[in-house]
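Have a look at the structure below, then the notes.
Read-outs: derived from the displayed coordinates by stated rules, not from any lab. What you are looking at is a predicted structure, and each value in this text was computed from that prediction instead of being measured. No Cβ is skipped: glycine too gets one built from the backbone with ideal geometry, and neighbour counts run over all protein chains shown.
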Amino acid sequence: MSSQRSIPTLDRISTLPDSVICHILSFLPTKQSVTTTIISKRWNPLWLSVLTLDFDDQKFSDFATFRHLIYSVMLARHTTLPIQSLRLKCGISSGCNPYDINRIVRAALQRGIVNLILDFSYTDFDFQIGLSTTISSVFNCRNLVVLKLTCLTFTVVPQFNFPLLKTLHLDSVSFLGDQNEEFYKFVELCPILEELQTTNMQFWVSNDCDNGKYNKCFSNLVRAKICNLTWSWNVPFAWICNAKFLHIELSKEQKVHTFHNLTHFELIFKSVWQRKWNWLVELLEHCPKLQNLTLNQLYGHGIDKDNWKEPKNVPGCIFSQLRKCSFIAYEGSECEFRFAEYILKSAKVLRTMTINASLVDINLKHQMLRDLSLCPRGSATCKLSFD
Amino acid sequence: MAQEASSSTSSKTISLKTGDGEIFEIEASAAKQMKTVQRLIDDLGDDITIPLHNVFSKELPKIIEYYKKDITGEITKDFEAEFVKDLNDDEVKVLFLAANYLDANKLFEFLSQNIADRLESKSVEYVRKYFGVENDFTPEEESKLREERAWSFRGIKEDE
């Protein structure tokens with residue numbers, strides 16, 4: 001029973017139900033989604049059913065026009081219509097002031113928001129301090145499932161409780177207080193968190209991350225990405241030990257925990273420390289299911305204070321799980337080479353070893369490739385790929 | 001492609017037959033991600049070739065490629081960018097319609113975002129043409145609506 005595709009795509013697209021059209025509209029900036037009201041009589045009311053609001057002041061030269069857009073949209077929408085998601089990005093337009101932002105965010109939060117994305121990049125310190133009302137409203141909102149905050153400054157960590165939160169992204173969020181005791185309750189207060197991302201965090205957590213206070217872990221965590229650590233912020237390994245996917249920038253040694261579910265691990269080394277190689281082996285011994293390992297800048301921060309020594313026993317994951325291994329910013333140092341050689345010979349199910357050595361001189365690269373391709377391989381199906 | 005006798009349930013494959021009569025194999029775990037397919041499997045059993053009247057041999061391989069990556073957890077931003085890079089508007093729409101029909105949520109969400117990206121900052125007429133919609137407003141009705149919502153029409157380009 002073969003049937004031809006007799007109905008043209010355009011006709012099939014035009015018969016899509018309203019809910020699907022609204023879904024596409026929800027990915028557009030609200031300003032544009034409003035303009036679809038003149039497309040046709042059928043499309044006329046659709047933008048009003050879109051439960052996502054998306055405002056970005058980037059294309060507005062002055063804040064007054066931007067503010068007018070937001071208030072007009074809120075007025076045009078029926079007051080009983082909930083707002084499911086709000087994305088608000090502002091700071092570029094001139095005259096942007098925190099007082100209006102506080103009002104807008106508070107009004108939106110009262111309409112049942114579940115997903116909240118706030119981005120105040122390009123705003124200055126004074127502006128961010130003026131947002132304290134916004135911050136309190138956000139942290140009082142227990143319905144949130146997705147929360148993404150960029151560029152905020154807190155003087156005090158507010159009381160919070162996010163029993164439904166699944167995704168949390170914090171970028172350039174600063175806490176100015178000395179002690180932030182509330183933070184060690186983070187895991188209990190976001191019990192079902194599945195995705196955590198932090199970048200450029202600035203706040204003081206007791207350096208003693210290994211004491212009992214930070215022992216709990218996010219039991220539902222699937223994915224974590226920790227970037228641009230500073231000396232004053234450490235995400236305790238204990239918190240993220242249930243993750244399947246990890247991307248971590250490391251500036252100093254962390255106490256090793258067992259990562260029971262970890263299958264994909266990307267480690268970016270921002271500095272060197274004593275015992276780095278031993279620590280790396282210890283870490284791998286605690287990742288029983290690791291299939292995909294990426295090591296970025298493993299060498300490049302001064303002379304290694306430690307030397308690579310082959311461990312007595314091959315870590316379990318290298319032997320029986322590792323399918324893909326990548327080195328990024330490989331420099332061909334003695335230790336790196338020996339480590340790569342060790343993986344090549346010990347990993348019995350390895351399928352790909354990728355070396356990216358873009359910083360290295362082309363002649364040296366040929367030498368490196370030759371040296372590595374001569375190494376014995378424990379896996380018959382292993383392909384060596386060089387960038 | 002001959003159907004293999006599957007001994008272990010973990011590597012079980014399902015046969016799908018497109019509207020134009022071609023048969024493709026997918027892993028059972030990928031089939032689970034397409035709710036329409038899973039419902040048909042629940043009704044017809046997993047040994048029968050599942051018929052997909054509204055999906056054709058041009059687009060099904062691309063969909064299978066997407067879900068192959070999904071079950072190994074390897075869908076990254078780079079992969080998604082690469083996936084749609086060389087697709088023209090018509091091809092994206094066809095994939096989108098298929099994802100909608102198959103109730104394949106992850107692909108549906110991704111393609112919704114991609115279609116929105118292609119429409120962003122485009123004129124109203126462009127969006128009309130994209131969705132094959134006839135304008136049934138009179139010029140007077142249209143200009144009245146534009147006036148009512150002047151604050152949203154300010155600053156957008158109308159050509160294209």
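With R₀ fixed at 35 Å, the C-beta to C-beta distance from A:Q84 to A:Q58 puts the FRET efficiency at about 0.90. Note on the protein assembly as shown: antiparallel DSSP beta bridges, both residues inside, total approximately 10 percent of the bridges counted. For segment B:22-110, the set of trypsin sites (Lys or Arg not before Pro) satisfying both a DSSP loop assignment and a count of at most 15 other C-beta atoms within 10 Å is given as B:K32, B:K58.
How large is the translational diffusion coefficient of chain A in µm² per second when you combine the Kirkwood radius over alpha carbon pairs with Stokes-Einstein at 10 °C and 1.306 mPa s?
Once the numbers are plugged in, D ends up at 66 µm²/s.
Just so you know, the Rg over Rh for segment B:70-140 is 1.07, from Cα atoms, with Rh as the Kirkwood radius. Taking a sphere under 12 Å around the Cβ of A:L109 and counting the other residues whose Cβ falls inside, with K and R at +1 and D and E at -1, yields a net charge of +4.
In terms of surrounding Cβ atoms within a 10 Å radius of their Cβ, A:K270, A:K225 rank from fewest to most as A:K270, A:K225. Hull volume per residue, based on the alpha-carbon atoms of segment A:68-113 and their convex hull, is 70 Å³. Full extension of the chain between A:N97 and A:S333 gives 79.7 nm of extra length, using 0.36 nm per residue less the Cα-Cα distance. Once the C-beta distance of A:Q110 and B:S143 is scaled by a Förster radius of 30 Å, the resulting FRET efficiency is 0.25 to the nearest 0.05. Projected label points at A:T258 and B:N54, each 7 Å from Cα along the beta carbon direction, are separated by 4.8 nanometres.
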